[in-house]
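Asker: Below is the structure I would like to discuss, written out as structure tokens.
Values quoted throughout were computed directly from the atomic coordinates according to the rules given, and no laboratory measurement underlies them. Remember, predicted model here, so these are calculated numbers, not experimental data. Cβ coordinates were reconstructed from backbone atoms using ideal geometry, including for glycine residues, and neighbour counts include every protein chain displayed.
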Amino acid sequence: MAASNRLNNNAEFINSLNVFPVPDGDTGTNMSLSFASGAQYVKESTSTKIGELSSALAKGLLMGARGNSGVILSQVFRGFSKSTAKKQTLSAQDLADAISSGVETAYKAVMKPTEGTILTVARKAAEAARARVKNSDDCIQVLSDTYEAAKKALAQTPEQLPVLKEVGVVDSGGQGLTFVYEAFFDALSGNESVEADKYQPSVQEMDEMVNAEHHKSVQSKLNTADIKYGYCTEIMVRLGDGRLVDSKFDYDKFREHLAEIGDSLLVIADDEVVKVHVHTEHPGDVLSFGQKFGSLVKVKLDNMRLQHETILEKDDQQQEQAEEEIPEVDTGDYGIISISSGAGLAKMFKSLGVTEILDGGQTMNPSTEDIVAAIKKTHKEKVLVLPNNKNIFMAAQQAAEVSDASVGVVKTRSISQGLTAMLSFDASSDLTDNVEMMTEDLDTVISGEVTQAIRDTTLDGQQINKDDYMGIVDGDISVTGKDLYQTTLSMVKTMLEDDSEIITIIIGEDGDQAEAQKVKEAVLADNDELEIEIHEGDQPLYPYLISVE
């Protein structure tokens, strides 16, 4: 629990260590969400045996793993769990063995391990644990040495990866794992700086949690009449203030009472304020109960039955429109999942035969569990997954391994590659052949994306300033500039080769049809034999996605 909280509190700092100054640095977010899933599984376990608890942690991490960093973290604790499977408690030797087992499992999970990353930090930490246990049977001392070695290894990562040294940062994944070991040591040693065992978000974070919970509830596809508690009720109470106060606030008793009159309950409190979100049939009772402890400073009520009916009507209209606009493609025995963000991109993929769109991408890497759920949703025995982002490869592969269906992962690194892969799909071929055919032509596609820098940095000898536009070609920053049009045009010109034939421009939320047309005309002025297509993608963060074939 302490490690989950530590990662949550430091997620933005870990994100900031992202080498590229693009708005998709999500290592901290991915590791935090992955570990939070593990912590939730542990919290729900009733066992007091280390083996069973570590198994719960490993299972939760496995299903919640997001991004490569989250998957590697899940493998570290998968190995830890294997080592402790039959243990009720851990000796110092057991602990050192479990930490070492985690490293072995993580290294095996990565096809081409790179030193100067989370793997190096994990390995050095395990070496220190094994060394300490030779002359100590103190678990706290073993964890102390583990954490100190992780910290030292982390500091050395810029010497192992030149790009880290150039930008002046340590490895983000390694930093995340170091926070985990630090929290483990603090929790076991009783260090005063350790966060609470039970993660309690701040009152300021409550709005985000409430909105997420509310969105989840009203989007559910159950019959409106089946909604048991019809009113989404939110109150904020200033404790001890008000004419009707007659009770002293006790968190557990307060929460217990509300749990009896509703569900989807969230109660967040500090010394001055308590904030409540609950679904109930009696919102007035919630308000009256809150006034027993303080004054109501915020009240919000929503009739979820009415909201649900509205959403269902809207969904039906959108579905009808989608069915009219996109002709059905026969995929035979196959379900095909594409991971992307943007209504326009979804439409493009569906027109090529994709059966399920999983919302996600650069800043929203779906978890293993999300991908497994999408696989199940296809109701097919054979399923192809297009990650369209290399940071989703490992989670997709992990989902394939735990799924009941036969799943093939086509390692598409970009939206452009995903669209190209679909052109090679053959419903009459078997799974292995389809993966091979759809992968075969990926390297013939040059993928470019335009976005804005979120910070100043120097990379590959280029000085990049915050808010500069950057043209990124196959993962490398090729051009930068102050003007979106000029940067986009310059990037396209760097992507062109002698045998280039087709250019596809996909316009994002921040792009512009007229500007895209201007880029097209400028390129054709140099070479009128090129075929240039323009599509609306509606993707966030990237005004233009461009492919050249």
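Asker: Highest first, please rank the peptides 354-361, 497-504 by the mean number of other Cβ atoms sitting within 10 Å of their residues.
Answerer: Numbers: 354-361: 21.6, 497-504: 12.9.
So the peptides 354-361, 497-504, ranked by packing, come out 354-361, 497-504.
Asker: If you don't mind, there's one more thing I want to ask. Figure the gain on full extension for Leu287 and Lys108 (residue separation times 0.36 nm, minus the Cα-Cα span) and round it to one decimal in nm. Intermediate values should be presented prior to the final figure.
Answerer: On the way: separation 179, 0.36 × 179 = 64.44 nm, distance 5.51 nm.
Computed gain between Leu287 and Lys108 is 58.9 nm.
Asker: For segment 429-495, what does the relative contact order come out to in percent, with C-alpha contacts under 8 Å and a separation of six or more? Each step should come with its number before you reach the end.
Answerer: Numbers: 87 pairs, mean separation 16.5, N = 67.
In percent, rounded to a whole number, it is 25.
Asker: Which percent, to the nearest 5, of DSSP beta bridges fully inside segment 446-548 are antiparallel? If you can, show how the numbers build up before the last one.
Answerer: Values: 23 of 29 bridges.
DSSP beta bridges in segment 446-548 are roughly 80 percent antiparallel.
Asker: Moving on. Just to be sure I understand the model, the point goes 7 Å from the Cα along the line to the Cβ. What's the resulting Val297 to Ser424 distance in nm?
Answerer: 5.9
Asker: Which far-off residues, 5 or more places away or on another chain, put their amide H under 5 Å from the one on Thr451, with H placed in the peptide plane?
Answerer: Amide H neighbours of Thr451, under 5 Å, 5+ apart: Met470, Ile472.
Asker: Quote the relative contact order of segment 321-428 in percent (integer), defining contacts as alpha-carbon pairs under 8 Å separated by 6+ residues. Walk me through the numbers before you get to the answer.
Answerer: Details: 189 pairs, mean separation 31.2, N = 108.
Across segment 321-428, relative contact order equals 29 percent.
Asker: From the phi angles alone, apply the Karplus equation (6.51, -1.76, 1.60; θ = phi - 60°) to segment 80-95 and give each ³J(HN,Hα) in whole Hz, x where the residue is Gly or Pro.
Answerer: These are the phi-based 3J(HN,Hα) values: 4, 5, 4, 5, 9, 3, 9, 8, 8, 9, 10, 7, 4, 5, 4, 5 Hz.
Asker: Still on this model: How much FRET efficiency would the formula 1/(1 + (r/R0)^6) give for Asp441 and Phe13, where r is the Cβ-Cβ distance and R0 is 41 Å, rounded to 0.05? Don't skip to the end; give the middle numbers.
Answerer: Numbers: r = 41 Å, r/R0 = 0.99.
The calculated FRET efficiency here is 0.50.
Asker: How much length would be gained if the chain were fully extended between Gln160 and Lys376, taking 0.36 nm per residue of separation minus their Cα-Cα distance, in nm to one decimal?
Answerer: Going from the current span to full extension adds 73.6 nm.
Asker: With θ set to phi - 60° and the Karplus curve 6.51 cos²θ - 1.76 cosθ + 1.60, what are the ³J(HN,Hα) couplings of segment 379-385 in order, to the nearest whole Hz, using x for Gly and Pro?
Answerer: Each residue's phi maps through the Karplus curve to give 6, 10, 7, 10, 9, 10, 10 Hz.
Asker: Suppose R0 equals 41 Å. What FRET efficiency, 1/(1 + (r/R0)^6) with r the Cβ-Cβ distance, do Asp404 and Ala343 give to the nearest 0.05? It would help to have the intermediate numbers written out before the result.
Answerer: Values: r = 31 Å, r/R0 = 0.75.
Taking R0 as 41 Å, the efficiency between Asp404 and Ala343 is 0.85.
Asker: Could you work out how much longer the chain between Ala259 and Ala131 gets when fully extended? Use 0.36 nm per residue separation minus the Cα distance between them, nm to one decimal.
Answerer: Numbers: separation 128, 0.36 × 128 = 46.08 nm, distance 4.97 nm.
Fully extending the segment from Ala259 to Ala131 adds 41.1 nm.
Asker: Can you tell me which of 475-483, 521-529 comes out highest on packing, and rank the rest after it, using the mean Cβ neighbours within 10 Å?
Answerer: 475-483, 521-529
Asker: Which order do the peptides 379-387, 280-288 take when ranked by the mean count of other beta-carbon atoms within 10 Å per residue, highest first?
Answerer: Working: 379-387: 23.0, 280-288: 16.6.
Averaged packing, sorted descending, gives the order 379-387, 280-288.
Asker: So for the pair Asp467, Lys49, with labels modelled 7 Å out along Cα→Cβ, what separation do we get in nm?
Answerer: Calculated label separation equals 6.1 nm.
Asker: Percent antiparallel among DSSP beta bridges with both residues in the chain, to the nearest 5? Before the final figure, lay out the partial values.
Answerer: Numbers: 47 of 66 bridges.
So the antiparallel bridges amount to about 70 percent of the total.
Asker: Can you grab the distance from the C-alpha centre of segment 350-429 to the C-alpha centre of segment 18-86, Å, no decimals?
Answerer: 22
Asker: If you plug each phi of segment 511-518 into the Karplus form 6.51 cos²θ - 1.76 cosθ + 1.60 with θ = phi - 60°, what whole-Hz ³J(HN,Hα) values come out, in order, with x for Gly and Pro?
Answerer: x, 8, 4, 5, 5, 4, 5, 5
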